[in-house]
1. Give me D for segment 178-327 in µm² s⁻¹, whole number, from Stokes-Einstein with Rh from the Kirkwood sum over alpha-carbon pairs, 10 °C and 1.306 mPa s.
2. Between residue 6 and residue 373, what is the label-point separation in nm under the 7 Å Cα-to-beta-carbon projection?
3. Using only alpha carbon positions, build the gyration tensor of the chain, then give the equivalent ellipsoid semi-axes as the square roots of 5 times its eigenvalues, largest first, whole angstrom.
4. If you fit an axis through the alpha-carbon atoms of helix 293-314 and take the longest principal axis of the Cα set of the chain, what angle between them do you get, 0 to 90°, nearest 10?
5. Can you sort 103, 262, 51, 160 by how many other beta carbons sit within 10 Å, fewest first?
6. Which values, in whole Å and largest first, are the semi-axes of the equivalent ellipsoid of segment 73-132 obtained as the square root of 5 times each eigenvalue of the Cα gyration tensor?
7. Tell me the angle of helix 61-70 to the major Cα principal axis of the chain, expressed in degrees between 0 and 90 and rounded to the nearest ten.
8. Using the Kirkwood formula over every pair of different C-alpha atoms, what hydrodynamic radius in Å results for segment 329-397?
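FYI, it's all coordinate maths here, none of it is from the lab. Bear in mind that the values here come from a model prediction, so they are computed numbers and not experimental data. Neighbour counts run over all protein chains shown; Cβ positions are idealised from the backbone, glycine included.
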């Protein structure tokens with residue numbers, strides 16, 4: 001037999017009371033052995049004048065939550081965080097609405113059960129399993145309601161999202177803005193808003209991780225034929241690690257756009273490097289599905305190029321000399337600015353010198369156009385000199 005939202009919340013509040021009381025008692029005893037006297041001072045007189053305070057606390061979740069709120073700084077802050085404090089305040093309000101017979105929608109019921117579950121989890125209460133079953137049942141009902149009642153068209157939803165994400169879409173032109181919105185949706189938001197969203201970004205994160213690694217590997221492979229496998233692997237690791245991806249996310253200001261649950265927002269998770277990194281991966285996965293591999297490549301390679309320059313100026317190891325090589329810099333410029341798939345080609349011949357000390361002349365071309373020339377005691381040095389000459393000329397023309 002189906003039960004009403006009011007009845008379901010009542011059952012969950014009762015379970016919350018059962019789960020909270022032992023925890024509250026333990027924490028209060030660490031501060032004051034005569035903690036029930038402290039509890040009396042925290043509760044309204046009309047509650048304690050006719051009943052034993054211990055009975056009140058065991059049976060009335062409102063009394064427990066109020067005491068937790070009033071004793072937060074001196075007792076509960078030591079074990080619980082800001083998110084749990086927010087949950088306590090929210091559940092006091094939920095209990096008051098329930099007590100005053102306020103009409104509660106299925107959405108309201110799910111949010112209340114989710115908050116109760118979170119608080120029970122924070123205090124490691126066994127009642128969490130029963131409340132979780134209620135929550136899953138409400139989620140099933142919500143899904144049915146959504147299927148029956150959803151009236152907004154895809155085009156209307158797309159328009160709304162585009163208006164909201166207009167700044168981000170200027171940096172990353174998704175054709176399907178709904179896919180970008182999904183890439184920004186953390187599981188905490190999905191759990192709290194099951195009627196609004198149908199999924200979170202974790203599958204896109206999985207896909208984006210693979211796309212990032214592939215494009216980064218291809219980028220580095222074509223960067224310089226003299227970089228060995230070990231250095232390629234180390235460079236790729238640096239370009240796609242948590243710290244670097246979080247930097248990319250900050251360039252796009254993703255923290256501003258991420259959709260997070262209330263607890264995650266309260267904990268300022270939008271500044272968390274891991275969460276920023278994961279969201280960036282999800283966004284790359286979404287962009288791959290939306291616009292294809294070449295669009296993602298065009299978006300990522302300038303980021304990789306700037307990151308490599310930063311790595312090159314901040315490191316003194318062997319990678320540094322590779323990253324600052326003029327041949328690498330010229331190749332990066334050509335890839336970003338030539339509008340073709342051509343790469344610099346070097347034509348190098350011996351131009352003089354003795355057999356024991358030859359001199360080489362190298363000319364660098366992109367397609368049929370000559371960009372620069374240079375000399376050196378080896379082919380390698382001559383090619384670097386030619387690349388350096390090309391870069392100097394490009395800078396004089398204001399093209400770099």
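1. Numbers: Rh = 16.2 Å.
D, rounded to a whole number, is 98 µm²/s.
2. 9.3 nm
3. Taking √(5λ) for each Cα gyration eigenvalue gives 63, 25, 14 Å.
4. That works out to roughly 80 degrees.
5. Working: 103 8, 262 18, 51 11, 160 14.
With the fewest neighbours first, 103, 262, 51, 160 line up as 103, 51, 160, 262.
6. Details: eigenvalues 97, 44, 15 Å².
Each semi-axis is √(5λ); the values are 22, 15, 9 Å.
7. Once rounded, the angle reads 60 degrees.
8. On the way: mean 1/r = 0.0816 Å⁻¹.
Over segment 329-397, the inverse of the mean reciprocal pair distance is 12.3 Å.
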